[in-house]
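Participant: Below: one structure in structure tokens.
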Amino acid sequence: MENYTICKCKKVTYFDVEDAVHQSKTFEDLEKTFDEVQAITHCSTGCGGCHDKILDAISQIMSK
């Protein structure tokens, strides 16, 4: 997978999200995992425009 910026406001990349997902304690629950990824990376706390892209990335990572 190629690394790319998902959250421009906080400069969070796909690899940042992937690292945060692997630190997550609730890997089986998408919404709780999103909350944990957000706490680690601060993604989707600026304009919020990346919310769905972050969820998509988490979903892809969880299905690997």
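The values are calculated or read from the model by the stated rules, or taken from the named source; none is laboratory data. None of these values were measured; they are calculated from a predicted model. Using ideal geometry, Cβ is built from the backbone for each residue, glycine included, and neighbour counts are taken over all protein chains shown. Just so you know, the surface numbers come from the protein's heavy atoms only, side chains and all, with ligands and any DNA or RNA stripped out. Shrake-Rupley method; radii C 1.70, N 1.55, O 1.52, S 1.80 Å.
Participant: Just by accessible area at a 1.4 angstrom probe, what is the order of 64, 53 from largest to smallest?
Facilitator: Details: 64 150, 53 125 Å².
My answer, sorted largest first, is 64, 53.
Participant: Next question. Roughly how many Å² of residue 62 are accessible to a 1.4 Å probe, to the nearest 10?
Facilitator: 50
Participant: Leaving out ligands, DNA and RNA but keeping every protein chain, what accessible area does residue 44 have, in Å² rounded to the nearest 10, with a 1.4 Å probe?
Facilitator: Here the accessible area works out near 20 Å².
Participant: As a test question: what accessible area, to the nearest 10 Å², does residue 18 have when a 1.4 Å probe is rolled over all protein chains in place?
Facilitator: In the full protein context, residue 18 sits at about 40 Å².
Participant: Also, quick follow-up: Quick check: net charge around residue 43, other residues with Cβ under 13 Å of its Cβ, Lys/Arg +1 and Asp/Glu -1? Don't jump to the answer; show the numbers that get you there.
Facilitator: Details: positive: 8, 10, 11, 53; negative: 16, 18, 19, 35, 36, 52, 56.
Around residue 43, the surrounding residues sum to -3.
Participant: Okay, next question. Tell me which residues come under 5 Å, amide H to amide H, from residue 6 once H is placed; ignore anything under 5 positions away on its chain.
Facilitator: Under 5 Å from the amide H of residue 6: 12, 13, 14.
Participant: Pop out the ³J(HN,Hα) list for the range 13-27 in order, Karplus 6.51 cos²θ - 1.76 cosθ + 1.60 with θ = phi - 60°, rounded to Hz; leave Gly and Pro as x.
Facilitator: With the stated coefficients, the range 13-27 comes to 9, 4, 5, 4, 5, 4, 4, 5, 4, 5, 8, 5, 8, 10, 4 Hz.
Participant: About the Cα centre, and with charges only on the beta carbon of Lys, Arg (+1) and Asp, Glu (-1), how big is the dipole of the chain? Nearest 20 debye, please. Before the final figure, lay out each step's value.
Facilitator: On the way: 7 positive and 11 negative charges, 48 e Å.
Computed charge dipole of the chain: roughly 240 debye.
Participant: All other residues with a Cβ under 12 Å from the Cβ of residue 23 taken together, and with Lys, Arg as +1 and Asp, Glu as -1, what is their net charge? Walk me through the intermediate numbers first.
Facilitator: On the way: positive: 25; negative: 16, 18, 19, 36.
Result for the neighbourhood of residue 23: -3.
Participant: Taking θ as phi - 60°, what are the ³J(HN,Hα) couplings along the range 28-39 by the Karplus curve (6.51, -1.76, 1.60), each to the nearest whole Hz, with x for Gly and Pro?
Facilitator: Values, residue by residue: 8, 10, 4, 5, 5, 5, 4, 4, 5, 4, 4, 5 Hz.
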